[in-house]
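A.B. asks: Here it is: the structure, laid out below.
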Amino acid sequence: MATYVLLHGAYQGGWIWQPVATRLRAAGHTVYAPTLDGCGERVHLLRPGITVGTQAQEIAQLLFYEDLQDVVLVGTSAEGMVLCRAAELARERLARLVFVDALALLPGEQVGSIVQRAAPNATTALATGPTKTDAEQRLFADLPPAHPPSPCGPGSADGGGHVLGAVLGKFHIPENSSALIMASATPFCFCTT
């Protein structure tokens, strides 16, 4: 059986992979779906200095400390960039790379020059991303919430509750649909230093 490490997209956490992880585990595979620093339920850890490189280091360290070998590393959305860097850092531990509607920059490309937002971003001192309203009305409008949005508002770690996955809550994917359809609606996150 294979070992999978599943990387969530921007504004999300490892929980987006629950339906996929459940099926893979039922088939006998080992599955890790970590939530990266500053994302999802770890939004309280948002701080200056979180970059693609630091998140890739998190993944490389997971592979090392769990002593994982022949890993299928899967990424979606902005974590395609993390997947690429993690692959450079831990190539000897990887069997395959899988990009699911993931951003993988070509040499010389920059995120800001290829990702065009249809609506203005909400920006804090640490991150920028869609407003809660934009996310609810446009980006995730077709996905019913599984529970109320998580408690992220004034006084929370992100300062205003307008960016990152914690404000979007966790969305339910009906059993008869592909868990990977979420990837097509995933926006991108830009962390500043």
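A.B. asks: If I model a spin label as a point 7 Å beyond the Cα along the Cα-Cβ vector, how far apart are those points for residue 29 and residue 45 in nm?
C.D. replies: In this crude spin-label approximation the distance works out to 2.4 nm.
A.B. asks: Could you give each residue of segment 80-94 its phi-based ³J(HN,Hα) in whole Hz, using Karplus coefficients 6.51, -1.76, 1.60 with θ = phi - 60°, and x for Gly or Pro?
C.D. replies: With the stated coefficients, segment 80-94 comes to x, 5, 5, 4, 4, 5, 4, 5, 5, 6, 9, 4, 5, 9, 10 Hz.
A.B. asks: Expressed as a rounded percentage, what relative contact order does segment 1-84 have, with Cα pairs under 8 Å and six or more residues apart?
C.D. replies: So the answer I get is 40 percent.
A.B. asks: Shifting gears a bit: According to the square roots a ≥ b ≥ c of the eigenvalues of the Cα gyration tensor, what is the shape class of segment 1-131, taking rounded for a/c under 1.5, prolate for a/b larger than b/c otherwise, and oblate for the remainder? Don't skip to the answer; put the middle values down first.
C.D. replies: On the way: a/c = 1.74, a/b = 1.57, b/c = 1.11.
In terms of gyration-tensor shape, prolate.
A.B. asks: Under 5 Å between amide H atoms, partner at least 5 residues away or on a different chain: which partners does residue 102 have, H built in plane at 1.01 Å?
C.D. replies: When sequence neighbours closer than 5 places are left aside, the close amide H contacts are 77.
A.B. asks: Would you kindly compute the Cα radius of gyration of segment 17-61 and its largest Cα-Cα separation (Dmax), both in Å?
C.D. replies: Rg and Dmax of segment 17-61, Cα atoms, are 13.2, 40 Å.
A.B. asks: I've got another one for you. Give me, ordered by chain and number, the residues 5 or more places off residue 94 or on other chains with an amide H under 5 Å from its own placed amide H.
C.D. replies: Placed amide hydrogens put 70, 71 under 5 Å from residue 94.
A.B. asks: Could the peptides 69-80, 88-99, 34-45 be put in order, highest first, of the mean number of other beta-carbon atoms found within 10 Å of their residues?
C.D. replies: 69-80, 34-45, 88-99
Laboratory data are not the source of any read-out in this text; all were calculated from the coordinates shown. Small disclaimer: the values here were computed from a predicted structure and weren't measured. In this analysis, Cβ positions are derived from the backbone assuming ideal geometry, glycine residues included, and neighbour counts consider all displayed protein chains.
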